[in-house]
Amino acid sequence: MKTYIWTTLTAASVLALAACGPKTENATDSAMNSSANALSAAGNATSNAIDDAAHAITPTPTGKEFADEAAKSDAFEIAAAKIAATNAASPGVKEFATMMIAAHMESTAKVKKAAASAEPAITPDATLTKNQNDDLAELKALTGAKFDEEYIDGQVDAHQDALSLMEKYAKDGTVATLKTAAAEIAPNVQKHLDKAKALDKKQD
């Protein structure tokens, strides 16, 4: 009789544990997923906070500094695009380069007009930096698929920098005419950046 009772109790315990098993496992999985989601959210929040902080502490360029940097950026983009017209292999890259020449000639004119209207008037200096000249020299030495890869990689980086410059000055700039120009140019730079990223993915 004792053996029967022990066996019955044991069987009942096993059934109870079996019944609890999936619930316990599901609860554990749910807790782990919640923790993972919380950590992911915290990580994203931290990353955004760092980006915001970095943007906040980046000094706003003076009107002259902004005009010079914008002019150099446009001049570099136009020069690089002209090289792409002959050295690129992909029709998509060549089409992008053609768009860059027209777009950056337009933004050059916009910045020049805004700078001339400033008080006192500002004359942008479009002289390329040593790094920009070095980058152009490297591009000139490349052709075909290798050129396409290097050119588009450079375009992603260049447009990210240009977008940061435009957005920063549009928000915090002190020369009204240039601030307005930066706000008008920024959306176009974002479109160019998106296009460059799309071309970059196609090459991966």
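The values are calculated or read from the model by the stated rules, or taken from the named source; none is laboratory data. Given the structure is predicted, the values throughout are model-derived calculations rather than measurements. Note: ideal-geometry Cβ built from the backbone for every residue, glycine included; neighbour counts use all protein chains shown.
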(request) Kindly provide the set of residues from the stretch 134-169 that are of a type outside the set (D, E, K, R) and more than 22 Å from Ala102 (Cβ to Cβ), ordered by number. (result) Ala137, Ala141, Leu142, Thr143, Gly144, Ala145, Ser164, Tyr169
(message) List pairs: first residue in the stretch 50-76 and of a type in the set (Lys, Arg), second residue assigned to a loop (DSSP other than H, G, I, E, B) and modelled with pLDDT of 90 or more anywhere in the structure, Cβ distance under 8 angstrom, at least six positions apart or on different chains.
(response) Lys64/Ile122; Lys72/Asp125; Lys72/Ala126; Lys72/Thr127; Lys72/Leu128; Lys72/Thr129
(request) Could you check, for the stretch 142-155, whether at least one of its residues is without any contact (Cβ under 8 Å) to a residue 12 or more places away in the chain, in a helix (DSSP H, G or I) and more than 15 Å from Asn87 (Cα to Cα)? (result) no
(message) Can you say whether Gln132 is within 16 Å of His192 (Cβ to Cβ) and surrounded by 15 or more Cβ atoms within 10 Å (Cβ to Cβ), as far as the supplied structure shows?
(response) no
(message) I'd like the full set of residues that are free of Cβ contacts under 8 Å to residues at least 12 places away in the same chain, surrounded by fewer than 17 Cβ atoms within 10 Å (Cβ to Cβ) and charged (D, E, K, R), limited to the stretch 172-204.
(response) Lys191, Asp194, Lys201, Asp204
